[in-house]
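One structure is given here, and the rest of the page talks about it.
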Amino acid sequence: MLITSHGHSDVGFVRENNEDSFLVDDHKGIYCVADGVGGLPFGNLASRMAVKLLNAMIHDSKNCTTADELKAISHCVHQDVVECGHLVGGENGVGTTFSAIRLLSDRFIFSHVGDSSILYSDGSGLKKISKCHTLGDELIEKHGPDAANDMPEHYMHTLTRCMGQDIDFEVDIGEQILSPGDQVVICSDGITNMVELDEINEMMFQLEPKGFVHALIDAANQNGGVDNSTAVTFRVS
């Protein structure tokens, strides 16, 4: 299986600092996007630490080949970020989203916390395979689409779980079979809040991974660039 991948991050037009981090490692087969949580200090440190810890805990392509192993590693990342958060952030700690993929021979497993997105395309269209852990999304899931009618706008951006916050929560774990021609995208909400899924899908089919990632970030900036924008993608052939 031949892998073509790329990742990039941009600060955007409004934020002073880039609090997103990403990882692309074809040799190990690991890909990740982490977005430091706004409203908490040291978001850039939290996201960078989460990505570096993941990279350090998976030593080579033979490590972490099951969903249970990825789940255990993700919880270790969380605990280490919690401990660091107490040191640098005091009682508030630090926080980051965390969306990680471990690519195997004919499939991938993923770990997800927060409101970044994991998108998958098998040639029939792009679909989101991760859930957003926000107050708004969880209320809609529980009560149906009508729950959004009277919902304060900030509910859709209020995280209910993230790496680094010293609370009990489950990491979402999933698995997806891969075939030649399939493509996967991990992106921060600085992209998904600014670019529609149909537009992302169109760019994906028109461009190779490197051009696609940069076009995606350019589109987010052209639509306002109000947040940091980060995207990682890989295509199999």
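The values are calculated or read from the model by the stated rules, or taken from the named source; none is laboratory data. Model, not experiment: these values are computed from the prediction. No Cβ is skipped: glycine too gets one built from the backbone with ideal geometry, and neighbour counts run over all protein chains shown.
Does residue 108 meet the test of being modelled with pLDDT under 95, of a type in the set (Phe, Trp, Tyr) and touching a Gly at 6+ places or on another chain (Cβ under 9 Å)?
Against the criterion (modelled with pLDDT under 95, of a type in the set (Phe, Trp, Tyr) and touching a Gly at 6+ places or on another chain (Cβ under 9 Å)), residue 108 does not qualify.
Okay, residues lined up against (1) touching an Asp or Glu at 6+ places or on another chain (Cβ under 8 Å); (2) at pLDDT 95 or above:
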| site | (1), (2) |
| --- | --- |
| 6 | no, yes |
| 11 | no, yes |
| 14 | yes, no |
| 23 | no, yes |
| 31 | yes, yes |
| 48 | no, yes |
| 51 | no, yes |
| 55 | yes, yes |
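Starting from residues that are of a type in the set (S, T, N, Q) and crowded, with 18+ Cβ neighbours inside 10 Å, keep the ones in the range 14-43 and report whichever is farthest from the chain's Cα centre (by Cα).
Ranking the qualifying residues of the range 14-43, first place goes to 18.
In this structure, is residue 186 farther than 19 Å from residue 70 by Cα, touching a strand residue (DSSP E or B) at 6+ places or on another chain (Cβ under 6 Å) and either at pLDDT 95 or above or of a type in the set (D, E, K, R) (or both)?
So residue 186 does not fit the description; no.
State all residues of the range 59-86 that are touching a helix residue (DSSP H, G or I) at 6+ places or on another chain (Cβ under 9 Å), more than 13 Å from residue 164 (Cα to Cα) and of a type in the set (Val, Ile, Thr); if no residue qualifies, say none.
The one that is touching a helix residue (DSSP H, G or I) at 6+ places or on another chain (Cβ under 9 Å), more than 13 Å from residue 164 (Cα to Cα) and of a type in the set (Val, Ile, Thr): 73.
What tally of residues in the range 204-226 results from selecting those that are under 18 Å from residue 12 (Cα atoms), in contact (Cβ under 8 Å) with a residue 40 or more places away in the chain and surrounded by fewer than 23 Cβ atoms within 10 Å (Cβ to Cβ)?
Count: 6.
Can you report the number of residues in the range 72-126 which are of a type in the set (S, T, N, Q), over 26 Å from residue 60 (Cβ atoms) and more than 17 Å from the chain's Cα centre (by Cα)?
Total satisfying the criteria: 2.
Given the conditions (1) buried (at least 16 other Cβ atoms within 10 Å of the Cβ); (2) more than 14 Å from residue 163 (Cα to Cα); (3) not charged (D, E, K, R), and given that residue 56 satisfies all but one, which numbered condition is not satisfied?
Residue 56 satisfies all of (1) buried (at least 16 other Cβ atoms within 10 Å of the Cβ); (2) more than 14 Å from residue 163 (Cα to Cα); (3) not charged (D, E, K, R) except (1).
If you check every pair at least six apart or on different chains, which have Cβ atoms under 9 Å apart with a residue in the range 23-38 that is under 12 Å from residue 102 (Cβ atoms) and free of Cβ contacts under 8 Å to residues at least 40 places away in the same chain first and a residue that is charged (D, E, K, R) and surrounded by 24 or more Cβ atoms within 10 Å (Cβ to Cβ) second?
Qualifying pairs under 9 Å: 28/102.
How do the pairs read when you match residues in the range 81-95 that are within 15 Å of residue 48 (Cβ to Cβ) and touching a residue at least 12 places away in the same chain (Cβ under 8 Å) with residues anywhere that are hydroxyl-bearing (Ser, Thr, Tyr) and not in a helix (DSSP H, G or I), using Cβ under 7 Å and keeping only pairs 6 or more apart or on different chains?
Qualifying pairs under 7 Å: 81/96.
Mind telling me which of the residues 87, 103 ends up being modelled with pLDDT under 95 and either more than 30 Å from residue 203 (Cβ to Cβ) or not aromatic (Phe, Trp, Tyr) (or both)?
Result: 87 is the single residue among 87, 103 that is modelled with pLDDT under 95 and either more than 30 Å from residue 203 (Cβ to Cβ) or not aromatic (Phe, Trp, Tyr) (or both).
Tell me which residues, restricted to the range 163-211, are closer than 11 Å to residue 231 by Cβ, of a type in the set (A, V, I, L, M) and in a helix (DSSP H, G or I).
191, 200, 203, 204
Scan the range 132-162 for residues that are of a type in the set (Gly, Ala, Ser) and either assigned to a helix (DSSP H, G or I) or under 30 Å from residue 83 (Cβ atoms) (or both) and jot them down.
Within the range 132-162, 136, 147, 148 qualify.
Quick check on the range 221-229. Is at least one of its residues modelled with pLDDT of 95 or more and part of a strand (DSSP E or B)?
yes
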